[in-house]
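Reading through the structure tokens given below for one structure.
The values are calculated or read from the model by the stated rules, or taken from the named source; none is laboratory data. Since we're looking at a predicted model, the values are computed, not measured. We place every Cβ from the backbone using ideal geometry, glycine too, and count neighbours over all the protein chains shown.
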Amino acid sequence: MELKPIPRIPARDFRASRWGRQPWIVTDNVSSWRALRIWDADYLKAAAGACKVSVREITGAPQNVYQTMTAGGHIAFADYLDWVLEIAGSQDIRRIAATSGNLAQLTRAIADSGFETSYYLDVSLAALSTRLLEDTMVPAWFSQAPVDTIFWCGVLGTSSGLHSDIKPNCNVQVVGSKSFILFPPTQTRLLYPVRRMTHCRFDPNLPDFEAFPLARGATGWQCILQAGESLYIPVGWYHQVTVVSPWAINVNLFWPRPFPQGLATPVLWALLIRRGWAGLRIAAERWRAARGAGCRAS
């Protein structure tokens with residue numbers, strides 16, 4: 001498996017390709033964001049501390065499937081943030097963050113420390129706090145507005161698992177740093193995708209080439225995204241994201257999929273067709289329900 005650095009480009013020169021050819025680190029893209037200057041723990045609690053959120057639970061190394069919501073329902077965002085800060089401030093976590101030289105070493109050190117259960121938060125930023133949303137600005141990458149803006153928060157070692165998205169997106173690092181490993185959709189068969197899902201069984205953080213021999217031939221892209229930097233991820237590109245600082249916050253903007261990005265990414269065709277049929281079924285069921293209600297009323 002080969003990993004090469006993701007290229008960097010100034011914001012003034014960047015144009016999001018309608019064909020989604022490659023990822024870029026876009027510099028000077030969010031320098032005007034207030035979030036970069038004022039999002040500390042006290043401010044976050046003041047803006048969103050009372051908001052009820054639901055976090056996801058990860059036990060052990062990434063399972064490379066979408067993690068489930070933790071049991072117990074919703075908790076106050078301030079309580080979750082207190083847990084994050086307590087873990088991030090522990091001597092073990094700070095030592096591992098300072099001494100781990102690569103992702104495999106980091107992942108093993110986290111496991112050896114006994115800290116194997118982690119929680120991460122992904123929530124609509126508008127739902128969390130309109131005040132926090134106003135501290136960000138939408139990059140002028142597409143003519144349409146984003147369909148969603150997601151707030152992510154997690155501690156050292158928290159990893160998403162290798163997966164792809166069906167919409168182009170911008171990942172902005174606000175607090176701490178994260179590792180991104182990306183593979184183009186043309187390498188799908190080398191990454192052992194889970195059937196009917198956009199996640200993969202192969203874990204590039206701890207590559208097991210005996211179990212996944214085709215992955216030896218994969219060529220990917222890699223970066224450590226620092227606070228104040230943006231990463232453009234085109235439609236269909238597989239990516240695994242891992243927190244490599246004691247804790248991290250990033251904001252993820254998703255835009256509608258511009259034509260012809262979906263058509264130019266064959267690996268997504270089956271998924272898009274299934275989602276299209278699912279949408280039609282839901283619409284038909286709602287129409288039948290509404291029609292039945294009208295008949296009963298008459």
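Some notes on this structure:
- Condition met for Ala126 (under 23 Å from Trp39 (Cβ atoms), at pLDDT below 90 and of a type in the set (A, V, I, L, M)): no
- Among all positions in the range 100-117, there is at least one residue which is surrounded by 18 or more Cβ atoms within 10 Å (Cβ to Cβ) and of a type in the set (S, T, N, Q).
- Cβ pairs under 9 Å, 6+ apart, first in the range 41-53 and assigned by TED's automatic domain parsing to the domain that holds Leu133, second hydroxyl-bearing (Ser, Thr, Tyr) and assigned to a strand (DSSP E or B): none
- Looking only at the range 126-170, and only at residues there that are under 30 Å from Leu190 (Cβ atoms) and hydroxyl-bearing (Ser, Thr, Tyr), the one that is farthest from the chain's Cα centre (by Cα): Thr158
- Of the candidates Leu121, Leu81, the single residue that is farther than 30 Å from Leu191 by Cα, surrounded by 13 or more Cβ atoms within 10 Å (Cβ to Cβ), modelled with pLDDT of 90 or more and not small (Gly, Ala, Ser) is Leu81.
- Residue within the range 206-219 that is of a type in the set (Phe, Trp, Tyr) and in contact with a helix residue (DSSP H, G or I) (Cβ under 8 Å, 6 or more places away or on another chain) present: yes
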